[in-house]
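Participant: One structure, as structure tokens, below. Some questions next.
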Amino acid sequence: MRHRTLIALRFPWIAMFCLLGAVFAPLSAADYGDIGNFPKWQRIEIVIDGPASAAIATPNPFNMHVDATFFAPDGDTFVVPGFYNGDNAGGESGNKWVVRFAADETGEWTFTTSSAVTELDGHSGSFSVTGVPGDAQGIWAWGRLEHPGTAANQIRYLKFRDGPYWIKGGADSPESFLSQAADWPWDTTTKREQAVDYLAGVAINSMYIMTCNITGDGPRGVWPLYGADRDEVLANGGSTGTLDDP
């Protein structure tokens with residue numbers, strides 16, 4: 001039996017990079033029981049009802065941790081940290097904590113949750129996993145990125161479990177790609193989609209994006225946790241760094 005802790009991070013804006021391209025499967029946070037059937041490598045999302053909170057509340061909901069332990073058919077276990085996700089619909093206020101997981105083998109799985117927070121502790125359920133659909137493409141069909149390198153083989157690159165090696169190709173800029181600033185070249189969703197489509201078309205498979213850059217070297221309007229503009233950021237106790245300059 002192997003016991004592994006996955007790097008499924010407690011913060012949703014980081015976790016999205018780990019799960020890019022997976023299939024969304026939201027679940028109820030009530031009595032779980034059998035939660036259904038899922039193809040191998042599909043994203044499974046467990047939503048747990050916790051105490052009512054907000055992104056800038058005290059105590060900090062991001063420090064209220066929950067772990068889910070997934071038990072595989074072959075006896076392996078995976079411990080996956082969950083994260084506070086507001087109302088689970090984009091709002092910062094709510095009582096939803098989320099655990100995301102992708103199963104790596106077919107068969108019957110079970111899971112349990114553990115937390116120092118009473119409402120998040122002691123949930124359990126089961127689900128079954130079938131094979132990858134024949135029309136699955138890209139990283140869904142290839143599975144989880146892993147590091148196969150050892151001191152003996154000296155492999156330096158990540159590899160998909162059921163697919164090829166992955167070699168990063170991209171630029172570490174612009175970090176403020178998600179800026180809301182009106183003078184920013186990609187200030188609308190359509191323009192951003194066009195930019196990403198262009199990069200994908202020239203074989204770029206990696207982008208470096210800051211989701212909160214209030215005090216960075218190019219804030220440019222990226223401040224999702226404190227407000228929609230500079231005045232709201234300051235009113236909520238945030239700092240706008242160089243945006244304070246004329």
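Participant: Could you run through the stretch 156-183 and say how many residues are surrounded by fewer than 12 Cβ atoms within 10 Å (Cβ to Cβ), without any contact (Cβ under 8 Å) to a residue 12 or more places away in the chain and within 30 Å of Ala136 (Cβ to Cβ)?
Facilitator: 2
Participant: OK, next. Name the single residue, out of those in the stretch 135-149 being assigned to a loop (DSSP other than H, G, I, E, B) and open to solvent by 70 Å² or more (accessible area, probe 1.4 Å), that is farthest from Phe78 (Cα to Cα).
Facilitator: Checking each candidate, the answer is Asp135.
Participant: Kindly indicate whether Trp186 is assigned to a helix (DSSP H, G or I) and open to solvent by 50 Å² or more (accessible area, probe 1.4 Å).
Facilitator: no
Participant: Quick one: Thr113 ticks every box in (1) in contact with a Leu (Cβ under 7 Å, 6 or more places away or on another chain); (2) of a type outside the set (Asp, Glu); (3) in a loop (DSSP other than H, G, I, E, B) except a single one, so which number is it?
Facilitator: It fails just one condition, (3).
Participant: Let me ask something else. If I ask for residues that are in a loop (DSSP other than H, G, I, E, B) and either touching a Gly at 6+ places or on another chain (Cβ under 7 Å) or more than 16 Å from Gly170 (Cα to Cα) (or both), which ones from the stretch 189-206 would you list?
Facilitator: Ala203, Ile204, Asn205
Participant: Step by step: first the residues of the stretch 64-93, then only those that are of a type in the set (S, T, N, Q) and over 17 Å from the mean Cα position of the chain (by Cα), then the one that is surrounded by the most Cβ atoms within 10 Å (Cβ to Cβ). Which residue is that?
Facilitator: Thr69
Participant: Examine the stretch 95-110 for a residue that is touching an Asp or Glu at 6+ places or on another chain (Cβ under 7 Å) and either free of Cβ contacts under 8 Å to residues at least 12 places away in the same chain or assigned to a loop (DSSP other than H, G, I, E, B) (or both), and state whether such a residue exists.
Facilitator: Taking every residue of the stretch 95-110 in turn, at least one turns out to be touching an Asp or Glu at 6+ places or on another chain (Cβ under 7 Å) and either free of Cβ contacts under 8 Å to residues at least 12 places away in the same chain or assigned to a loop (DSSP other than H, G, I, E, B) (or both).
Participant: Same structure, new question: Against the conditions (1) small (Gly, Ala, Ser); (2) at pLDDT 90 or above; (3) within 22 Å of Thr112 (Cα to Cα); (4) not in a strand (DSSP E or B), where does Ala57 fall short? Just the number, please.
Facilitator: The one condition Ala57 does not meet is (3).
Participant: If you don't mind, there's one more thing I want to ask. Which condition number in (1) surrounded by 20 or more Cβ atoms within 10 Å (Cβ to Cβ); (2) at pLDDT below 95 is the one that Phe101 fails?
Facilitator: For Phe101, the exception is condition (2).
Participant: Looking at (1) part of a strand (DSSP E or B); (2) at pLDDT below 95; (3) of a type outside the set (Ser, Thr, Tyr), find the lone condition where Leu9 falls short.
Facilitator: (1)
The values are calculated or read from the model by the stated rules, or taken from the named source; none is laboratory data. Just so you know, these numbers come straight off a predicted model, no measurement behind them. Heads up, the Cβs are rebuilt from the backbone with ideal geometry, glycines too, and the neighbour counts pull from every protein chain shown. Note: accessible area is taken over every heavy atom of the protein model, side chains too, but ligands, DNA and RNA are not part of it. Shrake-Rupley method; radii C 1.70, N 1.55, O 1.52, S 1.80 Å.
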